[in-house]
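A short write-up of the structure that comes next.
The values are calculated or read from the model by the stated rules, or taken from the named source; none is laboratory data. Values in this document were obtained by computation on a predicted structure and should not be read as measured data. Note that we place each Cβ from the backbone using ideal geometry, even for glycine, and neighbour counts take in every protein chain shown. In case anyone asks, the SASA skips ligands and DNA or RNA and just uses the protein heavy atoms, side chains included. Shrake-Rupley method; radii C 1.70, N 1.55, O 1.52, S 1.80 Å.
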Amino acid sequence: MKTTYLDPMVGQYVLAHTTQPDDLLEELRVATRELTGERAGMQITPDEGRFLTMITQLSRARTAVEIGTFTGYSAICLARGLAPGGRLLCHDISEEWTTIARHFWDKAGLSHLIDLRLGPAAETLKNLPEEPALDLVFIDADKSNYQRYYHLVMPHLASGGLILADNTLWSGLVADPHAGDEATILMREFNDMVLHDDRVTSVILPIADGLTLIRKN
């Protein structure tokens, strides 16, 4: 569980009453834990994965971007929600982790929907095509560049398009006045920036470690 700011009983109830992941996603979760060790905590939770699929379906997204792919769990969830003819463009720096992702994308029958760009996202995002406009962007990468990624994708986002930013509650530390570590400060700065951006409307959802849903006006 990543919802450390919730009573554990409430968090477990939420997980138990959310549609469970299928066997393939569960296999990927186990493989990620075995192959990446402590890094496995970077993977999204099953309830967040279910939400990503649902919001992609509800938005009827055809052109989506993921920044921070890790072993591919969230990409599967996003790709499964794409409208017919949709494409997902993933950005990550790790060939090792995305090799696991590619394997499971193949098993899921989704490889034909997903394009992977390896390299620093701050550079690869500069090559986004002007058209078609992006319908949905999921940001779940290095926190120091969240604002940079946000500003790089915003010109390419369609009116009414969505950005989802992960980890925006940062274990609840963003609300703790005594927490002053660098990562917490970075997330507070990102949250404040989004709040005061008059191009968008936003809401922070208490899903997993906090997920901000941002809609371009």
Filter result (free of Cβ contacts under 8 Å to residues at least 40 places away in the same chain and within 27 Å of Leu58 (Cβ to Cβ)) within the stretch 175-199: Asn191, Leu195, His196, Asp197, Asp198
Inter-residue pairs, beta-carbon under 7 Å, first farther than 23 Å from Arg50 by Cα and in the stretch 138-153, second open to solvent by 40 Å² or more (accessible area, probe 1.4 Å) and at pLDDT below 95, 6+ apart: Leu152/Lys126
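Please find, within the stretch 150-197, the residue that is modelled with the lowest pLDDT out of those that are of a type in the set (Gly, Ala, Ser), open to solvent by 40 Å² or more (accessible area, probe 1.4 Å) and over 21 Å from Leu128 (Cα atoms).
Ser171
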Residues within the stretch 66-77 that are part of a helix (DSSP H, G or I) and touching a residue at least 60 places away in the same chain (Cβ under 8 Å), tallied: 1
Hey, Ala208 aliphatic (A, V, I, L, M) and open to solvent by less than 20 Å² (accessible area, probe 1.4 Å) or not: yes
Sole residue being open to solvent by 80 Å² or more (accessible area, probe 1.4 Å), within 21 Å of Leu136 (Cα to Cα) and either in a helix (DSSP H, G or I) or free of Cβ contacts under 8 Å to residues at least 40 places away in the same chain (or both), chosen from Arg80, Arg39, Arg33: Arg80
Residue among Leu52, Leu28 that alone is at pLDDT 95 or above, under 29 Å from Ala158 (Cβ atoms) and not in a loop (DSSP other than H, G, I, E, B): Leu52
Which numbered condition Ala208 fails, given (1) touching a residue at least 24 places away in the same chain (Cβ under 8 Å); (2) over 19 Å from the mean Cα position of the chain (by Cα); (3) farther than 18 Å from Leu88 by Cα: (2)
Residue match in the stretch 91-104 (condition: part of a strand (DSSP E or B), within 21 Å of Tyr146 (Cβ to Cβ) and at pLDDT 95 or above): yes
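To keep it simple, each residue is scored yes or no on (1) surrounded by fewer than 19 Cβ atoms within 10 Å (Cβ to Cβ); (2) charged (D, E, K, R).
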residue: Glu48; (1), (2): no, yes
residue: Leu52; (1), (2): no, no
residue: Gln57; (1), (2): yes, no
residue: Thr63; (1), (2): no, no
residue: Gly68; (1), (2): no, no
residue: Ala101; (1), (2): no, no
residue: Leu116; (1), (2): no, no
Which numbered condition Lys107 fails, given (1) free of Cβ contacts under 8 Å to residues at least 24 places away in the same chain; (2) within 30 Å of Leu24 (Cα to Cα): (1)
